[in-house]
Amino acid sequence: MSRPTVHHDHFIVSYPQEHVVQVTINRPDKLNCINQATSRQIAQVWDDLDADPTLWVGIITGRGRAFCTGADLHEWNTLHTTSQTNPMTAPGLAGLPRRTGTKPILAAVNGLCLGGGFEMVSNCDIVLASSAAVFALPEVQRGIAPVAGCMPRLARTLGLQRTMELVLTGRKVDARTMGAWGLVSRVVDEPDNSKSHTGKEGGNGGNGESAVVDAALELARDICRNSPDALIVGRVGVRMAWEDGDVEAAVTKLETEWYPRLVRGANFGEGIRAFVEKRPPRWLDPKL
């Protein structure tokens, strides 16, 4: 059964195709910055993704000319003037910078990806970016540091010196450079940039279509053709190596903990039978 699109104050939750949930940040007048209430609400979407066996993949994107420009600094200023701070506890802004979870989230970066927006993307499983997208960590220019989770992760992905340059200068980097550096897996040309920047209404639950969102949906469709059990185990194996850095420990944990769970699942036998019988597999929702 199709699910209804849900409009929150500053974001939209839609289900554009089977097994996929999409979050579209929808605060274009504020360049999609995220306040604390919105951050908690989006984090709950990812918790629901992990808990719902019928959902296998998440997508996050933005509406307008920005993907996300990070935390709402007007809210930060109000907190600071009353001797409060914005906590940097896990899982972080919109539930992403320090998220662990079990299911993959794809970032479709449609435009400006600054500060906390960059922190969110640095921990997504796959990053696609519009050719018009721009990345930066300008916190240093505001007396802040990007401590929500991206610095150690970007150092792993981009290397020490490239991450240092981003963190210490706050300079902007284009999508193709981020592709060459290894953060962005695919750069997507927008046929008409004005449409992606104004948030043209379209078939993705009214979330504002763009070529990068279409590419993310196509990639999600490819992912969802596979065993949902194997998706979870495959993601865990890759992330253990990236996060822990101990390759043999990751292999041992996969062998002793995750592989037995995979074998016990119905999809393990179904995939093998489908191959032998020369037919498409009929996957069941995961129960790992």
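The values are calculated or read from the model by the stated rules, or taken from the named source; none is laboratory data. Nothing here was measured: the structure is a model prediction, and the numbers come from that model. Note that we place each Cβ from the backbone using ideal geometry, even for glycine, and neighbour counts take in every protein chain shown.
When residues in segment 151-181 are screened for being surrounded by 14 or more Cβ atoms within 10 Å (Cβ to Cβ) and small (Gly, Ala, Ser), 4 of them pass.
Restricting segment 22-52 to residues that are farther than 12 Å from His8 by Cα and touching a Cys at 6+ places or on another chain (Cβ under 9 Å) leaves a set whose member that is surrounded by the fewest Cβ atoms within 10 Å (Cβ to Cβ) is Leu31. Residues in segment 199-236 that are modelled with pLDDT under 95 and under 26 Å from Pro97 (Cβ atoms): 6 in all. The helices (runs of 4 or more DSSP H) found entirely in segment 98-170 that carry 3 or more residues being without any contact (Cβ under 8 Å) to a residue 40 or more places away in the chain and among the aliphatic types (A, V, I, L, M) are 150-158, 160-169.
Specify which of the listed residues (Ala148, Ala133) is modelled with pLDDT under 95 and crowded, with 24+ Cβ neighbours inside 10 Å. Even if it seems obvious, please write down each step before you answer.
On the way: Ala133 fails: modelled with pLDDT under 95.
Within the list Ala148, Ala133, the selection yields Ala148.
Residues that are closer than 17 Å to Thr38 by Cβ and over 13 Å from the mean Cα position of the chain (by Cα) were ranked within segment 78-111; the one that is modelled with the highest pLDDT is Thr89. Restricting the search to segment 38-56, which residues are of a type in the set (Gly, Ala, Ser) and either touching a Ser or Thr at 6+ places or on another chain (Cβ under 8 Å) or in contact (Cβ under 8 Å) with a residue 24 or more places away in the chain (or both)? If the condition is that a residue be of a type in the set (Gly, Ala, Ser) and either touching a Ser or Thr at 6+ places or on another chain (Cβ under 8 Å) or in contact (Cβ under 8 Å) with a residue 24 or more places away in the chain (or both), then Ser39, Ala43 are the ones that fit. Is there a residue in segment 182-198 that is acidic (Asp, Glu), more than 17 Å from Ile60 (Cβ to Cβ) and modelled with pLDDT under 95? Yes: segment 182-198 contains one or more residues that are acidic (Asp, Glu), more than 17 Å from Ile60 (Cβ to Cβ) and modelled with pLDDT under 95.
Please work out if Val140 is over 20 Å from the mean Cα position of the chain (by Cα) and not small (Gly, Ala, Ser). So Val140 fits the description; yes.
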